[in-house]
1. In the set Leu26, Leu15, Leu103, which member is touching a Ser or Thr at 6+ places or on another chain (Cβ under 9 Å), in contact (Cβ under 8 Å) with a residue 12 or more places away in the chain, open to solvent by 70 Å² or more (accessible area, probe 1.4 Å) and outside any loop (DSSP other than H, G, I, E, B)?
2. Are any of the residues in the range 110-119 open to solvent by less than 30 Å² (accessible area, probe 1.4 Å) and either within 24 Å of Gly36 (Cβ to Cβ) or touching a residue at least 60 places away in the same chain (Cβ under 8 Å) (or both)?
3. Those residues that are more than 19 Å from Val86 (Cβ to Cβ) and not charged (D, E, K, R), I need them from the range 41-61; list them, please.
4. Would you point out the residue of the range 137-157, among those that are more than 17 Å from Asp98 (Cβ to Cβ) and not small (Gly, Ala, Ser), that is modelled with the lowest pLDDT?
5. Return yes when Thr35 is surrounded by fewer than 16 Cβ atoms within 10 Å (Cβ to Cβ) and of a type in the set (Val, Ile, Thr) and no when it is not.
6. Of the residues Ala92, Ala123, which single one is out of contact with any Phe, Trp or Tyr (no Cβ under 8 Å at 6 or more places or on another chain), farther than 22 Å from Glu67 by Cβ and aliphatic (A, V, I, L, M)?
7. Has the range 60-71 got at least one residue that is open to solvent by 50 Å² or more (accessible area, probe 1.4 Å), of a type outside the set (A, V, I, L, M, F, W, C) and either touching a His at 6+ places or on another chain (Cβ under 8 Å) or modelled with pLDDT under 95 (or both)?
8. Checking the structure you have, find out if any residue of the range 76-84 is open to solvent by 20 Å² or more (accessible area, probe 1.4 Å) and free of Cβ contacts under 8 Å to residues at least 60 places away in the same chain.
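The values are calculated or read from the model by the stated rules, or taken from the named source; none is laboratory data. These figures come from a predicted structure and were not determined experimentally. Note that we place each Cβ from the backbone using ideal geometry, even for glycine, and neighbour counts take in every protein chain shown. Just so you know, the surface numbers come from the protein's heavy atoms only, side chains and all, with ligands and any DNA or RNA stripped out. Shrake-Rupley method; radii C 1.70, N 1.55, O 1.52, S 1.80 Å.
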Amino acid sequence: MSTGSMEQLYQQVILDHAKFPHGRGLGVAAADLRTGESHQVNPTCGDEVTLQVDLDDAGVVRDVRWEGQGCSISQASVSVLHDLVVDHDLNAVDDLADTFRALMQSRGAGLDDDAEEKLGDAAAFTGVGKYSARVKCALLGWVALTDALIKTGATRTPEDS
């Protein structure tokens, strides 16, 4: 695929997630799950997100729910985040978050094929890294997720890190 058609495909993925967001809508978790909630605001542009994450006793993310407002990049990013982290354990979620941050720091160069395959639809945000003002938009949901996971009381032992 040519670079132009890849960029069009990536733009379409972002627009689709912004228009039809996955995981949107706050709620209440099952009683047997630990829930953390975080509200984050990007003061640069006014984007905001409130994210709830449910974690089971084995350290597996069972659900992510959110509400937010802002640009299509911030809203699509948290929608993609939902699809990536639900049913994954904390180590996998940390790895995904680190990989997404690396993608944002690549300044649009992208990552290797394995990393981009791991990111799935999140690889569509490659071009966002070219625009430093937009990187915060794409990372907003990921910051909220990290904070919400901390608020669940989930801890990692040193050998897990």
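1. Leu15
2. Yes: the range 110-119 contains one or more residues that are open to solvent by less than 30 Å² (accessible area, probe 1.4 Å) and either within 24 Å of Gly36 (Cβ to Cβ) or touching a residue at least 60 places away in the same chain (Cβ under 8 Å) (or both).
3. Val41, Asn42, Pro43, Thr44, Cys45, Gly46
4. Thr157
5. When the stated conditions are applied, Thr35 does not pass them.
6. Ala92
7. No, there is no match, as no residue in the range 60-71 is open to solvent by 50 Å² or more (accessible area, probe 1.4 Å), of a type outside the set (A, V, I, L, M, F, W, C) and either touching a His at 6+ places or on another chain (Cβ under 8 Å) or modelled with pLDDT under 95 (or both).
8. yes
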